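Nothing in this text is a laboratory measurement; each read-out follows from the coordinates by a stated rule. Keep in mind it's a predicted model, so treat the numbers as computed, not measured. In this analysis, Cβ positions are derived from the backbone assuming ideal geometry, glycine residues included, and neighbour counts consider all displayed protein chains.
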Amino acid sequence: MLDDTQVDSALVITAHPDDVDFGAAGTVALWVDAGIKVSYCVITDGDAGGFDPAVPRDQIGGIRQGEQRAAATEVGVSDVEFLGYPDGRLEVTMNLRRDLARVIRQVRPQRVICHSPLRNMERIPASHPDHLAAGEAAMCAIYPDARNPFTHSEIADLEPWTVPETWVMGMERVNRYVDITERFDRKLAALRAHASQHPDPSRLDPLVRGWNGFNAQNGGLPDGRLAEAFWVFETG
């Protein structure tokens, strides 16, 4: 596996605004602090989200885009791209695979973080149908689409790119625990930026602290530490 010193660029591919912040914002903050340029690709605008019926539905997408950009700033990320696919209706299409391959060729990351394409039977919220579709499309874009110069003629002007390493969020299998204790406040600040999604923001700290504490315990970290969990494997 790559050491952080070997990584110049990383790309996070998610289905919705806030997915990265629940699953990987602490790790992203750690990487940014190590000098890695991190980019976000958010497939939908999250326009099926929100909790307040008084907010016009046609405004939700724009609100959530703004919240994700604000959240990204909390962990040092300025490059955020939205693909504009419909929230709640995501499918693994050739158009989506092409669009993700285009982003990979443009960013040229040594690492990609993405959703799992497999349903997690132990933690069903990790397996939103959009997450599963986003995970499968991301894996197809990583292999073979982005590296094959003869795939997707519409992006043939972009040099092919092979992603050496992929980090998957939300799997039952985990082989990497990242200690985010010192970055947890920034992760929490990123999550709080998604105000349209949290009718009771006071629940965020104990909820996420509990999840990350459970990860740390499973990873054998000392008591009181907090961690994010991934399945990491070579894709080069």
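Quick one: net charge of SER9's neighbours, Cβ under 9 Å, K/R +1, D/E -1?
Working: positive: LYS37, ARG108, ARG111; negative: ASP8.
That sum, taken over residues with Cβ under 9 Å, equals +2.
Quick one: order ARG89, ARG105, ARG69 by neighbouring beta-carbon count within 10 Å, fewest to most.
Values: ARG89 11, ARG105 20, ARG69 17.
Ranked by crowding around the Cβ, least crowded first: ARG89, ARG69, ARG105.
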request  = List the residues whose amide H sits under 5 Å from the amide H of ASP79, counting only those 5 or more places along or on another chain, with H placed 1.01 Å from N in the peptide plane.
outcome  = TYR40
task = Quickly work out the VAL232-to-ASP4 label distance, labels modelled 7 Å from Cα along the C-beta direction, and quote it in nm with one decimal.
result = 1.1
The chain, relative contact order [Cα under 8 Å, separation at least 6], % = 25
request  = Arrange the following residues from fewest to most other Cβ atoms within 10 Å of their Cβ: ILE36, ILE104.
outcome  = ILE36, ILE104
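Taking a temperature of 25 °C and a viscosity of 0.890 mPa s, what whole-number D in µm²/s does Stokes-Einstein yield for the stretch 1-142 with Rh from Kirkwood over alpha carbon pairs? Present the calculation step by step, with values, prior to reporting the outcome.
Details: Rh = 15.4 Å.
Calculated translational D: 159 µm²/s.
How do the peptides 39-45, 19-25, 5-11 rank, highest first, by the average count of neighbouring beta carbon atoms within 10 Å per residue? It would help to have the intermediate numbers written out before the result.
Values: 39-45: 25.0, 19-25: 27.0, 5-11: 17.0.
Answer by packing, highest mean first, reads 19-25, 39-45, 5-11.
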message = Test of understanding: ordering GLU91, GLU81, GLU234, GLU136 by Cβ neighbours within 10 Å, fewest first, what list do you get?
response = GLU234, GLU91, GLU81, GLU136
